[in-house]
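See below for the structure under consideration.
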Amino acid sequence: MTAQLRRAAHVARTAILATAIVALTGMQSICLAHIGSPDTWYEGPAGAYPLRVIVRAPSVVPGLADITVRVLDGHATRVTAAPYIWNGGDTGAPPPDVAKPVPGDAQLFSVPLWFMTPSSYSVRVNVEGDRGSGTAVVPVQAVALRRLGMQKTLGVTLAILGIFLVVLALSIVYGAAKESGVPPGATSGANSKARSLYAVAGAAVILAVAATGGRFWWSSVDRDFQRTIYKPFTSAARVIERGTARGLDFEITDPVWRGRRWSPLIPDHGKLMHMFLIREPGFDAIAHLHPVPTDSSHFEVCMPPVPEGQYHVYADIVHESGFTRTLTATVDVPAPNASNTASATAAAADTAAAFHTDPDDSWYVSPSGVQAASPGERVALANGATMTWEAPDANLVEGRDAGLRFAVRNADGTAAAIEPYMGMLGHAIVRRDDGSVFVHLHPIGTVSMASQMALMMRAPSDSVPGMLGRRMSAPGHMEHMMGGSMSGLPHEPGVVMFPYGFAQAGAYHIWVQIKMNGQILTGAFAATVKPPPPA
């Protein structure tokens with residue numbers, strides 16, 4: 001009987017050890033369990049109230065976003081915010097949350113909002129006060145950008161607690177099996193001890209199987225979540241030549257796109273795609289182009305006369321859902337053929353005939369030896385005017401308002417008359433020198449005008465893909481989209497401003513595009529952004 005007890009004890013110890021290892025491994029598994037702006041900056045009207053809204057979206061979804069609302073003029077007594085998923089309608093949205101005033105600043109309000117599903121949302125900010133009530137619609141994309149890990153100390157603590165619970169459960173089984181077969185008043189014998197040890201072994205095996213199943217279940221959930229992490233569509237670009245004509249072909253190669261598992265595209269500022277070419281490593285040439293689709297995956301545009309070299313390509317598109325994407329690629333631009341350079345005028349005419357050209361296409365090549373200006377410095381524009389970055393503080397800090405305010409002056413020092421360029425007073429291209437950050441800004445902020453209009457106009461009848469896009473492309477509607485209400489707040493003469501805060505510390509280049517007397521002009525600037533001070 002003693003040998004039987006020893007065998008039973010050995011089986012029980014082995015089962016307990018295996019269960020503990022599986023439990024610890026499962027706990028460790030749990031512990032291990034965007035070109036573009038991660039934050040949304042918006043500046044525009046809510047009725048009679050000019051607002052600046054910043055949405056710091058969560059990096060995981062479901063997640064909690066921080067919303068701050070600054071009322072730039074007027075006295076607000078109540079500010080609310082609510083997230084509306086793009087296809088949910090008014091009945092699918094939660095009740096609005098009341099924003100609380102920030103102590104020490106009567107014009108600033110703050111509120112947290114939950115985003116429960118990865119999707120495109122409109123955050124509707126309502127303001128009530130001395131000017132009545134008004135609502136602003138702020139497009140926001142809630143997507144999972146990373147997989148959060150568990151703190152090591154918390155993981156170890158949970159693992160220890162898990163092992164303790166397993167041992168406790170097995171001790172209960174041992175005691176129950178040992179005493180259950182003993183008559184009242186009698187003492188347990190060798191048979192009852194052996195029976196209890198075998199019971200412990202069986203229970204340990206059951207717990208080990210349960211822990212293993214739990215681990216596989218969690219791994220499956222984790223894999224499903226990782227599939228929801230946002231990944232940009234893959235794409236490629238190449239220079240193509242047709243005789244003496246030169247163009248750029250941009251192809252979306254991603255299988256999701258080719259499988260047409262996406263909502264239709266809508267025009268933003270009248271264009272289906274806004275493309276930017278930035279020469280590396282000197283950042284001395286940039287182009288802002290507008291390709292057109294030649295089929296479901298290819299876009300083509302006339303190649304501008306930029307110098308040879310390697311260029312990073314960024315292409316902005318907007319879906320009917322209001323979801324915006326920035327596609328990226330690289331392209332090597334070769335030197336022109338000798339036959340082309342011999343007759344540049346003829347080559348330009350051939351290119352215009354062979355490839356799509358857009359009157360809003362523009363490009364900028366820095367004059368030899370001219371460096372990008374720093375905050376506070378003045379740059380000369382091609383027409384003799386000047387542009388100055390009137391930065392309130394040359395010490396730019398990650399996450400804070402960058403103060404992107406640019407003053408344009410004529411040669412005589414008077415304020416320049418800035419004309420709308422594709423419906424906006426200006427466009428700014430912000431790029432971190434290592435390419436990890438790229439943002440196309442407007443005076444209304446980081447949001448897309450087309451995305452905002454799609455979310456505002458969507459009706460229950462727009463359930464058929466393409467219907468909303470057709471309504472948005474109806475005659476006269478584009479002129480409304482590009483009207484004054486969508487161009488930001490009233491501005492000073494000769495001044496263009498962009499609400500924005502740099503997402504990461506590092507070295508940046510900024511290109512600001514405006515239009516004067518029908519000519520598109522570009523000012524180039526450079527800046528270094530510091531990390532935030534320690535808390």
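Readers should treat all values here as calculations from the given coordinates under stated rules, not as data from a laboratory. These numbers come from a predicted model, not from an experiment. Because the Cβ atoms are built from the backbone with ideal geometry, glycine has one as well, and the counts that use them run over all protein chains shown.
A few comments on the model shown:
- Direction-averaged projected area, Cα convex hull, region 245-333: 6.1 nm², rounded to one decimal.
- Projected onto their three principal axes, the Cα atoms of region 204-259 cover extents of 78, 15, 15 Å, largest first.
- Projected over every direction and averaged, the convex hull enclosing the alpha-carbon atoms of region 188-338 yields 16.2 nm².
- Pairwise centroid distance, computed over Cα atoms, of region 86-112 with region 124-173, Å: 20 Å
- Most to least packed among 311-324, 104-117 [average Cβ atoms within 10 Å]: 311-324, 104-117
- Eligible lysines near Lys152 by straight Cα distance, threshold 29 Å, same-chain separation 8 or greater: Lys231
- Calculated from backbone phi, Karplus (6.51, -1.76, 1.60) coupling profile of region 286-301 in Hz, x at Gly/Pro: 8, 9, 10, 10, 9, x, 10, x, 9, 7, 6, 10, 10, 10, 10, 7
- Local net charge near Pro499, Cβ-Cβ under 13 Å (Lys/Arg +1, Asp/Glu -1): +1
- Column: log10 I(q)/I(0), Debye, Cα scatterers of region 490-535, q = 0.33, 0.34 Å⁻¹: -1.25, -1.26
- Table column - 3J(HN,Hα) (Hz), region 98-104, Karplus curve with 6.51, -1.76, 1.60, x for Gly and Pro: 7, 7, 9, x, 7, x, x
- The order of the peptides 73-79, 492-498, 214-220 by mean Cβ neighbours within 10 Å, most packed first, is 492-498, 73-79, 214-220.
- Counting only the Cα atoms, region 36-100 fills a convex hull of 118 Å³ per residue.
- Note on Lys193: lysines with a C-alpha under 16 Å away, same-chain residues under 8 apart excluded, are Lys178.
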